[in-house]
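Worksheet: one structure, shown below.
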Amino acid sequence: MHQLSQAEALARQQQALLAAADDAATRQALTVILPVLATVATELQHTRYFLVANPQGEWRLTRLAPPDMPDLEKVVVLAYADRHQAELVCQQGPRGDRVTELAVLDLLFRLLAPLAFDSLVLMERDRSQEIQRQEVQDLCTRQIERWRTTYLA
């Protein structure tokens, strides 16, 4: 079976998000911001990640803070490149939690929703990488403003 390149996988993910849009306005908004999300995704090692979620589908939140500065606590969602690693973490949590797989663009798109966490931490096989919600939101806001200036001026 042919393994998709990162570019092919991201193109398919963009098509899937556009196809799932409920209306023309949502499709237009996605058309504007998906290139930004795809650019962020190209900096990552994988096109799919695994998260731990409760039976209602809510992602497991983790509180992190430097030991010497507890007032700098932040709430993160951990996403794993490896299903096995996610399953091990899942087993350590509440009964009924499960591992769910998400396409990277879907994961990044969900950062735009008003959720109760600060960052997404991607646990790659050889490193971790933090993506702050506010940074992704700011990138998309700037893209929307550029689009408005260009097409609605």
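The values are calculated or read from the model by the stated rules, or taken from the named source; none is laboratory data. Note that the structure is a prediction, hence the values are computed from the model and not measured. A quick note on method: Cβ atoms are made from the backbone with ideal geometry, for glycine too, and the neighbour counts reach across all protein chains shown. Ligands, DNA and RNA are stripped out before the accessible areas are found, and what is left, the full protein with its side chains, is counted by its heavy atoms. Shrake-Rupley method; radii C 1.70, N 1.55, O 1.52, S 1.80 Å.
So in the range 78-93, with the set limited to residues that are touching a residue at least 40 places away in the same chain (Cβ under 8 Å) and more than 18 Å from E58 (Cα to Cα), which one is farthest from the chain's Cα centre (by Cα)? Only one residue fits best here, namely D82. You will find that of A25, A16, A20, the residue that is of a type in the set (A, V, I, L, M) and touching a residue at least 12 places away in the same chain (Cβ under 8 Å) is A16 and no other. Looking at P94 and the list (1) under 28 Å from L10 (Cβ atoms); (2) of a type outside the set (A, V, I, L, M, F, W, C); (3) open to solvent by 60 Å² or more (accessible area, probe 1.4 Å), which single condition is not satisfied? (1) is the only condition that P94 fails. Each residue in the range 51-61 was checked for being open to solvent by 50 Å² or more (accessible area, probe 1.4 Å) and either closer than 15 Å to V99 by Cβ or not in a strand (DSSP E or B) (or both), and 4 of them qualify.
Would you be able to tell me the number of residues in the range 5-15 that are of a type in the set (A, V, I, L, M, F, W, C) and open to solvent by 60 Å² or more (accessible area, probe 1.4 Å)? Matching residues across the range 5-15 total 1. Of the residues E87, E73, the single one that is more than 30 Å from T31 (Cβ to Cβ), in contact with a strand residue (DSSP E or B) (Cβ under 8 Å, 6 or more places away or on another chain), open to solvent by 80 Å² or more (accessible area, probe 1.4 Å) and not hydroxyl-bearing (S, T, Y) is E73. In this entry, Q143 is excluded by the filter for residues that are of a type in the set (S, T, N, Q) and open to solvent by 70 Å² or more (accessible area, probe 1.4 Å). Evaluating R125 against the criteria (1) touching an Asp or Glu at 6+ places or on another chain (Cβ under 9 Å); (2) closer than 24 Å to Q13 by Cβ; (3) surrounded by 13 or more Cβ atoms within 10 Å (Cβ to Cβ); (4) charged (D, E, K, R) leaves one unmet condition, (3). A single entry from L64, L37, L44 fulfils the requirement of being in contact with a Cys (Cβ under 8 Å, 6 or more places away or on another chain) and either of a type outside the set (V, I, T) or open to solvent by 80 Å² or more (accessible area, probe 1.4 Å) (or both): L37.
Here's the yes/no breakdown for (1) within 20 Å of R98 (Cα to Cα); (2) part of a loop (DSSP other than H, G, I, E, B):
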residue: T31; (1), (2): no, no
residue: Q45; (1), (2): no, yes
residue: Y49; (1), (2): yes, no
residue: R63; (1), (2): yes, no
residue: P67; (1), (2): no, yes
residue: V77; (1), (2): yes, no
residue: Q85; (1), (2): yes, no
